[in-house]
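Everything on this sheet refers to the single structure shown next.
The values are calculated or read from the model by the stated rules, or taken from the named source; none is laboratory data. Fair warning: this is a prediction, and the values are worked out from it, not measured in the lab. Every residue, glycine as well, gets a Cβ built from its backbone with ideal geometry; the counts of neighbours run over all protein chains shown.
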């Protein structure tokens, strides 16, 4: 037993020392280490990558999950639009979607630009990723890319059965009988499910209206395919969801012909990871592994199994 506690104490000491080191480093280099936006660059095509899950804030995902924030992309779009050297803005999309609000914000920013905005869907431009692409003047996608998925998802795990099994209760203390709508600690009532579904339906209607307007399709045409199903690029072309099939080289040919560009040089707009953000990414993964290690001490030495 003493040996086990010694191992655990040793691991906790490592955690405390690491926290202290991060605090010291943060205090010294934090003002200099945040990722920064680029200054206006030379290049006649602004290249703005939209990769990962679309979110509303600049906070990265758990354990390095790839995310892209609407605030960052909007700032890039605005900066590129003001850059006198930029003639066309290209969004290189590889995103499965994300926040409906964040996607709508980016689409709105695209429509406010004075310069043409085009998009290239490489592997994935689905849901919110497609919402953004639809707001651009021209969409090119790989024939095997995943596009469309015009639908809305809001799901969660419901724990009430598991809580009953282990004798855990949910004490419901609220002011307003719908305040805990969607809590995972009890089953949703039929009335609550109806309310929830109606709100998802309204967001779905907004999505359909935007695609209809952006792609010059009737709402009936969009609604027919707005089942949430994703389409391969070749299918999306047949349905009018994109304009052409191809890769970046094909898109460059289109840009030269459409906008009379003799040659294309890119002004790349993206966040450069600073030292602090790199450190925090490494530290978050370290802490996850440390936590797993502490728990595994008891699991291994007591021969416990979790099924």
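Listed conditions (1) surrounded by fewer than 18 Cβ atoms within 10 Å (Cβ to Cβ); (2) over 29 Å from residue 147 (Cα atoms); (3) at pLDDT 90 or above are all met by residue 23, apart from (3).
A residue that is buried (at least 18 other Cβ atoms within 10 Å of the Cβ) and assigned to a loop (DSSP other than H, G, I, E, B) occurs nowhere in segment 115-122. Against the conditions (1) within 23 Å of the chain's Cα centre (by Cα); (2) within 22 Å of residue 247 (Cβ to Cβ), residue 214 satisfies every one except (2). Within segment 228-254, restricting attention to residues that are assigned to a strand (DSSP E or B) and surrounded by fewer than 19 Cβ atoms within 10 Å (Cβ to Cβ), the residue that is nearest to the chain's Cα centre (by Cα) is 232. For residue 187, the conditions (1) touching a helix residue (DSSP H, G or I) at 6+ places or on another chain (Cβ under 9 Å); (2) surrounded by 14 or more Cβ atoms within 10 Å (Cβ to Cβ); (3) not in a helix (DSSP H, G or I) all hold with the exception of (2).
Look at (1) over 23 Å from the mean Cα position of the chain (by Cα); (2) modelled with pLDDT of 55 or more and you find that residue 291 fails only one, number (2). Does residue 262 qualify as being in contact with a helix residue (DSSP H, G or I) (Cβ under 7 Å, 6 or more places away or on another chain), surrounded by fewer than 15 Cβ atoms within 10 Å (Cβ to Cβ) and either part of a loop (DSSP other than H, G, I, E, B) or at positive phi (or both)? No; evaluated as a whole, the condition is false for this residue.
Residue-by-condition table, conditions (1) modelled with pLDDT of 90 or more; (2) buried (at least 19 other Cβ atoms within 10 Å of the Cβ); (3) farther than 25 Å from residue 109 by Cβ; (4) in contact with a strand residue (DSSP E or B) (Cβ under 7 Å, 6 or more places away or on another chain):
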residue	(1), (2), (3), (4)
201	no, no, yes, no
206	yes, no, no, no
210	yes, yes, no, no
218	yes, no, yes, no
222	yes, yes, no, no
226	yes, yes, no, no
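Taken as a whole, the structure places residue 151 among residues that are surrounded by 15 or more Cβ atoms within 10 Å (Cβ to Cβ) and either modelled with pLDDT under 90 or not assigned by TED's automatic domain parsing to the domain that holds residue 71 (or both).
Screening segment 37-109 for strands (runs of 3 or more DSSP E) wholly inside it with 1 or more residues that are modelled with pLDDT of 95 or more and outside the structural domain of residue 199 (by TED's automatic domain parsing) returns the ranges 45-51, 88-95.
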